[in-house]
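The values are calculated or read from the model by the stated rules, or taken from the named source; none is laboratory data. Note that the coordinates shown come from a computational prediction; the quantities given were computed from them, not determined experimentally. All Cβ positions, glycine included, derive from the backbone under ideal geometry; neighbour counts span all protein chains shown. Accessible surface is based on the protein model in full, side chains and every heavy atom, while ligands, DNA and RNA are left aside. Shrake-Rupley method; radii C 1.70, N 1.55, O 1.52, S 1.80 Å.
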Amino acid sequence: MRIPGAKKARLTGRWIRSRLTGGALVLGYHRVADPDEDFFDICVAPDRFEQHLETLQRRARTITLSNAVESVRRSNQPARSVVVTFDDGYAEIVDVVRPLLERYEVPATVFVPSGAFGKELWWDRLKRLVCFPDVLPSLEDLPIPGFDMPTNTRRKQDPSWDTSTGRGHLVKSLYQALLTMTSDDRDMWLGKIERWADVPEGAVPTARVISESELKDIAACELITIGSHSVSHPILPELSTRDQEVEIAQSKRDIELVIGRPVELFSYPNGSWSSATERLLGPAGYSAACVSHNDVFRTRTSRYRIPRFWPGNRTARTFERWLSHWSA
């Protein structure tokens, strides 16, 4: 049962602890881009991200994730310490993010899914397919297992599906239906959606992960640390122990082969972890891992469950207020 106000109460408790005990504020981002539609709310406009960095330069002490882990372990965390991280390794890291990090001298860790080098992530493909037709076909012709198809979905009955809001609802509903499938099953159903939407073969992706050559390039930047985000971005706790081990260890080897240096940091795909998953990271050679729930990284926090805040597309003013609220 969901208790009204429980989330706010939890955040208030975490804020009070942050004031009493201090700790590092770890920020999480995905894309720095300004697309026509951001149904998953993962994009920060480039000018807004630059404003975030300018604020961090003035109001915080930006450090690497590894430095935060070490200083928290020693209980000597510098005041107003902030860490910047990126999940999914989107290609904007190369041309948009890196120049801004260098301009404001802010270090960052980039977590990359090694099985997606140069490719489109499945949820971006889903969004592209659903947004392609000027007029959507009937949803009754799209029998996706687990998809809770709304009533009155025929074109003549419900034209609202061709609005931005309607397509956003459809994309997110399909995302939930596809999320827990195996990669092979998901690819099969995405192919069905592609045919349903009558998308031509060879259509250009609107978003992609960095390529191997781009990964090697950004790894040469002194401000950027590369971490692993698994191979195929699954929900790890739903896999067998053996499959989890493969996702965790193979991604490390894949990335190390490209950049020629050890990879010691991990980010759980979809923010999903379990105690059993966590126990696999140390033996695989990882020194720390990030989750996705909001909290401050403090002395008693497991280094394999480092919490993060997601600033989103906040304006400079609201970001600075938020930072002042959380950064001790």
Checklist entry - Residues of segment 95-133 being acidic (Asp, Glu) and farther than 30 Å from ARG58 by Cα, which ones? => result GLU120, ASP124
Checklist entry - So, of the residues in segment 87-125 that are among the charged types (D, E, K, R) and part of a helix (DSSP H, G or I), which turns out to be most open to solvent (accessible area, probe 1.4 Å)? => result ARG103
Item to check | Residue that is modelled with the lowest pLDDT, among those in segment 49-86 that are surrounded by 17 or more Cβ atoms within 10 Å (Cβ to Cβ), in a loop (DSSP other than H, G, I, E, B) and of a type outside the set (D, E, K, R) | outcome: GLN77
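For THR21, state whether it is modelled with pLDDT of 95 or more and among the β-branched types (Val, Ile, Thr). Walk me through it before giving the result.
On the way: modelled with pLDDT of 95 or more: no; among the β-branched types (Val, Ile, Thr): yes.
Considered against the rule, which asks whether it is modelled with pLDDT of 95 or more and among the β-branched types (Val, Ile, Thr), THR21 comes out as no.
Any idea which of GLU256, GLU278 is more than 22 Å from ARG208 (Cα to Cα) and either in contact with a Phe, Trp or Tyr (Cβ under 8 Å, 6 or more places away or on another chain) or surrounded by fewer than 22 Cβ atoms within 10 Å (Cβ to Cβ) (or both)? Step through it out loud before you land on a result.
On the way: GLU256 fails: more than 22 Å from ARG208 (Cα to Cα).
Matching residue, one of GLU256, GLU278: GLU278.
Test SER173 against the criterion of being outside any loop (DSSP other than H, G, I, E, B), without any contact (Cβ under 8 Å) to a residue 60 or more places away in the chain and touching an Asp or Glu at 6+ places or on another chain (Cβ under 7 Å), and give yes or no. Walk me through it before giving the result.
Numbers: outside any loop (DSSP other than H, G, I, E, B): yes; without any contact (Cβ under 8 Å) to a residue 60 or more places away in the chain: yes; touching an Asp or Glu at 6+ places or on another chain (Cβ under 7 Å): yes.
Judged against the criteria, SER173 is a match.
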